[in-house]
1. About its Cα centre, how strong a charge dipole does the range 161-239 have in debye, to the nearest 20, once Lys and Arg get +1 and Asp and Glu get -1 at the Cβ?
2. In the Gaussian network model of the chain, springs joining C-alpha atoms below 10 Å, which of ASN239, ASN54, ASN42 carries the largest mean-square fluctuation?
3. Are there trypsin sites (Lys or Arg not before Pro) in the range 1-92 that DSSP marks as loop and that have at most 15 other Cβ atoms within 10 Å, and which are they?
4. GLU61: accessible area at probe 1.4 Å, nearest 10 Å²?
5. Percent relative contact order of the chain, based on C-alpha pairs within less than 8 angstrom and at least six residues apart?
6. Quickly estimate the mean residue ellipticity at 222 nm for the chain, helices only: each DSSP H run with n ≥ 4 gives -39500 (n - 2.57), and the total goes over all residues, rounded to 500.
7. Protein chains only, probe 1.4 Å: how do TYR49, TYR137 rank by accessible area, largest first?
8. Counting only protein heavy atoms, what percent of the accessible surface of the range 190-320 is carbon or sulfur at a 1.4 Å probe?
Amino acid sequence: VKEIINNKPNVFIVTHKNPDGDAMGSSLGLYNYLLKKEAKVNVVAPTEYPFFLNWIAGNDEVKVWGKDNVIINKLAEEADLLFCLDFNALHRIDEVGKIVSNAKGKVVMIDHHQQPDDFADYMISDTSSCSTAEMVYEFIENLGDKDIIDGDIGEALYCGIMTDTGSFKFPSTTSKTHRIVANLMDRGIDHNMVHRRIYDSNTPSRLKLLGHCLLNMEVLTEQSAAYVKISKKDHANFNIKKGDTEGIVNYGLSIESVKCSAFFREDKDIVKISFRSKDDFDVNKFARKYFNGGGHINAAGGISKISLKETIIKFKKSLTEFSTIDA
Ligand code: 5GP
Ligand code: MN
């Protein structure tokens, strides 16, 4: 890969659908690095992403599937290298998956989720890593290029590390993570700007939506769980935009006795679900088993194709079964 990178290649970077801070941060961090290596680089997002991620350097050049399909097809065909960042199974990038698997260039996966599929020519998978952005930092370091990291690369990577560690609080945060972040600060990043762009970007209606969710949160004492749901009606009432529901799932976990928190969002044809947990409650396993999903031990997601009401009944039943069979 180093040899290819040093030859000013055409590079195609793709991340998972519904990109989060780590998805866009790791992708644009690598993008800005490869630009400095004089590569021709493009970042592809399989779907739109939230407004609070639209400040990262290179954002205006990101190609989005659904809007830029013709060019995305062409870029994949021309690519010498295709990076798959922050996901480990091609179904996580929808239709772009077919394009990546048909491409002639070498595919490199860099990811930290559990149970990777075997689709890449070169795979860097580290489930102990706090974020893909941390892994991209180490990738750059291993290529001998730590010293060319600048503010743009650094702020993108910091965004990924900060969001995927819950601002350095999750157990995945290590002394190495803090050392990497210290290095990024030495390279001139504005960490306060990154934090404010992401966490102080609320609108009044988004805060009211949060209030509505917390007021209606259900706590399942017996199962040590809590959940929040958003119906199609809520979408209209609160004028919900992409990103507005991000992070709401975390509030359930702030209840001391709660080990598993869930968030259900009724979309057009499906219910999208987010799970968060504490300690050894394995939501990756839970989401895989019951909701066609996956992720990490303490943060995962899934989908449901039955109604919102039936999905919640299934959730409660699954919790009981899971605690007796898998605990
Ligand atoms: P979130 O709840 O923030 O959308 O996702 C939490 C974690 O679970 C992320 O690491 C994300 O990549 C993963 N995840 C979310 N939804 C799905 C899904 O439907 N399938 C799989 N395999 N992983 C998911
Ligand atoms: Mn990640």
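1. For the range 161-239, the charge dipole is close to 200 debye.
2. Fluctuation is largest for ASN239.
3. Those that pass, being in a loop and sparsely packed, are LYS67.
4. It works out to around 100 Å².
5. Taking the mean separation of contacting Cα pairs over the length of the chain, I get 13 percent.
6. Value at 222 nm, helices only, nearest 500: -12000 deg cm²/dmol.
7. From most exposed to least exposed: TYR49, TYR137.
8. Accessible surface attributable to carbon and sulfur in the range 190-320 totals 52 percent.
The values are calculated or read from the model by the stated rules, or taken from the named source; none is laboratory data. All figures in this text were calculated on a predicted structure; none of them were measured in a lab. Methodologically, a virtual Cβ is constructed for each residue, glycine included, from the backbone with ideal geometry; neighbour enumeration extends over all protein chains shown. These area figures cover heavy atoms from the full protein model, side chains too; ligands, DNA and RNA do not enter into them. Shrake-Rupley method; radii C 1.70, N 1.55, O 1.52, S 1.80 Å.
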